[in-house]
Ligand code: ADP
Ligand code: 5GP
């Protein structure tokens, strides 16, 4: 898929809804699309690679970067800092690429509101809260209390979906992905 123009493409929605599955497939199928690797203070999961999924740093290092204005946005999500570094975004846009952001709903809302860059935003919704819980449980990388926390948060996040350009339900994955691809191809 060729994306015309240079955009910040924001994929947001509750934890476990399928954002990273969607972003991986978009990146694999688009040449002029880069991924915004966020910084986080959360612990690395065994399946993750430093500098690839996230840049894993300490709270102190993160706070240093906040003071240096290194982030386009940052939020404390589920007790850890997560932030979008500004420099890689500027670099991608300079190379006439678009850049894909997988970020939480508050962070996405901040970017949508500031209008710093041309952006297109997608809110990914689960078909139901029960399905979301099943997906988080089946992914198998979180304790029950962490899953419960994320489910409570998901209910609040879904109420904010009206602020996004597109609301997409991820029930059948192929249908969800095709809809996003159709929208991005027609920009
Ligand atoms: P997020 O990045 O939003 O936290 P993930 O992409 O990790 O979510 O997806 C959570 C889990 O749900 C993963 O195990 C993934 O394979 C699965 N998943 C994603 N989309 C679907 C779908 N449409 N139907 C069933 N399972 C899905
Ligand atoms: P996880 O710990 O499951 O990888 O991510 C938790 C949440 O943090 C997800 O909703 C994810 O989209 C969000 N997130 C990841 N990176 C960023 C970021 O740079 N900024 C913000 N605001 N949220 C992020």
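A few points about this structure:
- Most fluctuating residue given options 132, 27, 100, as computed from a GNM of the chain linking Cα atoms under 10 Å: 27
- GNM flexibility winner over the chain from 153, 48, 90 (Cα, springs under 10 Å): 48
- Ranked for footprinting exposure by Cβ neighbours inside 10 Å, fewest first, 92, 24 give 24, 92.
- Here 17, 37 are placed in order of increasing Cβ neighbour count within 10 Å, fewest first, which gives 37, 17.
- Among 32, 80, 170, the largest mean-square fluctuation in a Gaussian network model of the chain (Cα springs under 10 Å) belongs to 80.
- A helix-only calculation puts the chain at -12500 deg cm²/dmol for mean residue ellipticity at 222 nm, using -39500 (n - 2.57) for each DSSP H run of at least four residues, averaged over all residues.
- Whole-Å distance, taken between Cα centres, linking region 37-108 and region 148-187: 21 Å
- Fully extended contour minus Cα-Cα distance, from residue 27 to residue 131, at 0.36 nm per residue: 34.9 nm
- Annotation: the residues 147, 10, 66, 162, sorted from fewest to most other C-beta atoms within 10 Å of their own C-beta, follow the order 162, 66, 147, 10.
- Between residue 116 and residue 145, full extension at 0.36 nm per residue minus the direct alpha carbon distance yields a gain of 6.7 nm.
- Convex hull (Cα only) mean projected area of region 8-185, reported in nm² to one decimal: 9.9 nm²
No lab work stands behind these numbers, since they all come straight from the coordinates. These figures come from a predicted structure and were not determined experimentally. Cβ coordinates were reconstructed from backbone atoms using ideal geometry, including for glycine residues, and neighbour counts include every protein chain displayed.
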